[in-house]
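**Q** I am attaching a structure below and will ask some questions about it afterwards.
The values are calculated or read from the model by the stated rules, or taken from the named source; none is laboratory data. The structure presented is a predicted model; accordingly, all values stated were derived computationally and were not measured. Reconstructed Cβ throughout: ideal geometry from the backbone, glycine too, with neighbour counts over all protein chains shown. Just so you know, the surface numbers come from the protein's heavy atoms only, side chains and all, with ligands and any DNA or RNA stripped out. Shrake-Rupley method; radii C 1.70, N 1.55, O 1.52, S 1.80 Å.
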Amino acid sequence: MGLLARIRKEWFIIGIVVVILSAKLQPSFGVKGGPLRPEYTVSYVAVSVIFFNSGLSLKSEELTSAVLHFRLHLLVQSFTLIFFPLAVWLLLKLLALTAINPWLLKGLQTVGCMPPPVSSAVILTKAVGGNEAAAIFNSAFGSFLGIVVTPVLLLLFLGSSSSVPFSSIFSQLFMTVVVPLLLGQLCRRFLRESLERRKLPFGTVSSFILLVIIYTTFCDTFSSPDVELEPTSLLVVVLTIFSIQLSFMLILFLFTRRSGSGFTPADTVAILFCSTHKSLTLGIPMLKIVFSGYQQLSVMSVPLLIYHPAQILLGSLLVPSFKAWMTSRQKSRVLLQ
């Protein structure tokens with residue numbers, strides 16, 4: 001693969017690096033009260049556009065075939081929103097005894113509280129040949145569920161800024177997440193044929209807006225002289241993230257492949273990706289809302305920014321192995337018949 005092709009493929013990850021460096025060089029442009037006015041353009045307009053865009057692009061009709069697979073849905077959602085945050089909380093009790101930046105540890109807890117992403121788990125499940133319909137349903141349903149459950153988990157495990165009342169958090173989430181999402185779905189009903197014919201770049205639009213949010217978040221950080229990130233702490237966080245993903249995937253694989261589980265190999269693939277992936281698109285705006293006023297917000301965001309490319313990288317590396325495993329399972333089933 002040539003350099004330009006590689007850049008086009010990995011443009012979003014490159015974009016994250018570029019906007020963080022830009023924020024470091026000129027933080028005054030994107031800070032609260034600066035020329036970009038992120039307290040309005042980001043907190044309300046940008047977040048609303050992301051979720052309107054998601055509602056407009058989400059094909060609800062594709063989910064109907066997977067709705068009745070209740071055991072699979074229960075496993076994915078309970079693992080993602082109950083087991084995952086609790087397991088991370090217990091792990092952080094141990095890591096808190098070390099010299100790791102405590103705000104990075106809080107950021108790891110926010111990762112655990114996030115819902116699954118709408119895109120990456122589906123893309124990787126499809127690439128392997130797994131249960132794509134189940135992946136679509138759980139990614140979409142998990143995102144909807146996360147609108148309510150994730151803020152509750154964040155407040156339960158970490159608390160919130162004293163200047164932002166609980167009711168205010170949910171009213172802002174409702175107006176900037178739920179309402180735009182529902183409006184997007186409503187518009188899709190009238191524009192469905194046109195949208196499917198033109199194949200608009202919904203994902204690219206959301207990614208560009210997300211880069212703006214990341215930029216303003218880091219502008220706030222670099223404008224504060226008190227913020228420091230030690231390389232050792234970052235390295236430990238990266239290793240912890242990969243360890244969490246691999247460990248949880250192994251647990252789910254062993255659980256779903258035990259005798260009498262009732263899950264097919266295709267189901268297992270969907271479960272692995274949907275249960276261990278976390279949403280950056282939903283996560284960063286939620287952190288911006290729930291922890292408004294925190295000077296260390298961008299430090300808390302770092303683990304989620306690392307987790308996003310890590311889950312895609314790890315998932316991509318595992319695709320050939322999962323494909324080979326599914327092929328062998330299918331051959332074994334044919335021989336047994």
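**Q** Taking 2.2 N^0.38 Å as the expected size of a compact globular protein, what ratio does the Cα radius of gyration of the chain give against it, to two decimals? Intermediate values should be presented prior to the final figure.
**A** On the way: Rg = 20.1 Å, N = 337, 2.2 N^0.38 = 20.1 Å.
After normalising by residue count via 2.2 N^0.38 Å, the value is 1.00.
**Q** Distance check, please: which entries in LYS126/LYS199; LYS9/LYS32; LYS9/LYS106; LYS199/LYS288; LYS106/LYS126; LYS93/LYS278 exceed 25 angstrom between their Cα atoms? Walk me through the numbers before you get to the answer.
**A** Working: LYS126/LYS199 19 Å; LYS9/LYS32 32 Å; LYS9/LYS106 31 Å; LYS199/LYS288 31 Å; LYS106/LYS126 33 Å; LYS93/LYS278 21 Å.
Violating the 25 Å limit, Cα to Cα: LYS9/LYS32; LYS9/LYS106; LYS199/LYS288; LYS106/LYS126.
**Q** Quick one: compute the contact order of the chain, relative version, from alpha carbon pairs under 8 angstrom and 6+ residues apart, as a percent.
**A** 33
**Q** For the chain, take the longest principal axis of its alpha carbons; what is the angle in degrees between that and the long axis of helix 179-198, to the nearest 10 within 0 to 90?
**A** That works out to roughly 60 degrees.
**Q** Which of the peptides 185-193, 123-131 is most tightly packed, and how do the rest follow, going by the mean number of other Cβ atoms within 10 Å of each residue? Write down the numbers at each step before the final one.
**A** Working: 185-193: 12.2, 123-131: 22.0.
Sorting 185-193, 123-131 by mean packing, highest first, produces 123-131, 185-193.
**Q** Another question, if that's okay. About its Cα centre, how strong a charge dipole does the chain have in debye, to the nearest 20, once Lys and Arg get +1 and Asp and Glu get -1 at the Cβ?
**A** Values: 25 positive and 12 negative charges, 196 e Å.
Value, rounded to 20: 940 debye.
**Q** How do the peptides 26-34, 94-102, 272-280, 134-142 rank, highest first, by the average count of neighbouring beta carbon atoms within 10 Å per residue? Walk me through the numbers before you get to the answer.
**A** Details: 26-34: 16.6, 94-102: 12.9, 272-280: 27.8, 134-142: 25.8.
Descending packing order for the listed peptides: 272-280, 134-142, 26-34, 94-102.
**Q** Between ARG257 and LEU155, what FRET efficiency comes out of the Förster formula 1/(1 + (r/R0)^6) with R0 = 30 Å and r the beta carbon distance, rounded to 0.05? Please report the intermediate quantities before stating the final value.
**A** Details: r = 36 Å, r/R0 = 1.21.
Here the calculated transfer efficiency is 0.25.
**Q** Using the Cα centre of the chain as origin and beta-carbon charges of +1 (Lys, Arg) and -1 (Asp, Glu), tell me which of THR232, VAL47, LEU25 is placed farthest towards the positive end of the dipole.
**A** Value: VAL47.
**Q** Would you please give the FRET efficiency between LYS199 and VAL49, computed as 1/(1 + (r/R0)^6) with r the Cβ-Cβ distance and R0 = 22 Å, to the nearest 0.05? Display every interim value, and only then the final one.
**A** Values: r = 19 Å, r/R0 = 0.88.
Result of the calculation: an efficiency of 0.70.
**Q** May I pose another question? Per residue, how much accessible surface does the chain expose to a 1.4 Å probe? Answer in Å², no decimals. Display every interim value, and only then the final one.
**A** Numbers: 16510 Å² over 337 residues.
Dividing the accessible area of the chain by its residue count gives 49 Å².
**Q** Additional query: First compute the accessible area of the chain with a 1.4 Å probe, then give the percent of it belonging to carbon and sulfur atoms. Walk me through the numbers on the way to the answer.
**A** Working: 11330 of 16510 Å².
Ligands and nucleic acids excluded, carbon and sulfur reach 69 percent.
**Q** Turning to a different aspect of this structure: With springs only between Cα atoms under 10 Å apart, run a GNM on the chain and tell me which of PHE52, PHE70, PHE242 wobbles the most.
**A** So, out of PHE52, PHE70, PHE242, the one fluctuating most is PHE70.
**Q** Helix 47-57 sits at what angle to the longest principal axis of the chain, using alpha carbons and giving 0 to 90 degrees rounded to 10?
**A** So the inclination is approximately 20 degrees.
**Q** Enumerate the whole-percent occupancy of each 10 Å bin, from 0 to the last occupied one, for all C-alpha pair distances of the stretch 280-324.
**A** 25, 38, 21, 13, 3
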